[in-house]
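One structure below.
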Amino acid sequence: MCLSLTVVVMSVSGLNVALVSAVGGGRVRELFGDLRFRTGSAVITTAFFAMFGFFFLNTLYLQFVRGYSPLLAGASTLPLAVAMVIVAPRSSDAADRFGTGRIIGLGFVWCRQVSSSSPKSVRPHHSSSWLRRSSCSERE
């Protein structure tokens, strides 16, 4: 019987969660009993999954729709990654100085401005046509 790496990793993760709950369950319940910690954990988890989804789907889009090589698609995401590395450590100080709501609002405005001012060649155009072509070619 051959176990896949995914099954092994998921099993070890499940055992770790069970062990942490059994040994430090009181402390974990105390942490998640605090509304601020619970909300922060939910926001960070949601942001992580959103960023993972963006990077994953954007890389697929660049490769399969735009025709980039895997290396070029990966290199195309580097400017965003570098910007995140530069901005992330400073965000806590900015939030303390200007307030969390203002920083979040500024981030949304900045993202909207960047997406609306991007050149037309970067925006998806007729992206559904590649899906129709791929589904038609599979039937033939």
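The values are calculated or read from the model by the stated rules, or taken from the named source; none is laboratory data. What you are looking at is a predicted structure, and each value in this text was computed from that prediction instead of being measured. Heads up, the Cβs are rebuilt from the backbone with ideal geometry, glycines too, and the neighbour counts pull from every protein chain shown. Surface areas here come from the heavy atoms of the whole protein model, side chains and all, with no ligands, DNA or RNA. Shrake-Rupley method; radii C 1.70, N 1.55, O 1.52, S 1.80 Å.
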Could you please find all residues in the range 88-103 being open to solvent by 90 Å² or more (accessible area, probe 1.4 Å) and within 19 Å of Met51 (Cβ to Cβ)?
Arg90
Pairs needed: first member in the range 40-52, without any contact (Cβ under 8 Å) to a residue 40 or more places away in the chain; second member anywhere, open to solvent by 60 Å² or more (accessible area, probe 1.4 Å) and of a type outside the set (A, V, I, L, M); C-beta distance under 9 Å; at least 6 residues apart or different chains.
Ser41/Phe32
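Yes/no matrix, rows are residues, columns are (1) assigned to a helix (DSSP H, G or I); (2) over 18 Å from Trp110 (Cα atoms); (3) open to solvent by 50 Å² or more (accessible area, probe 1.4 Å):
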| residue | (1), (2), (3) |
| --- | --- |
| Gly40 | yes, yes, no |
| Thr45 | yes, yes, yes |
| Ala50 | yes, no, yes |
| Gly53 | yes, yes, no |
| Phe56 | yes, yes, yes |
| Thr59 | yes, yes, no |
| Gly67 | no, yes, yes |
| Ala73 | yes, yes, no |
| Leu80 | yes, no, yes |
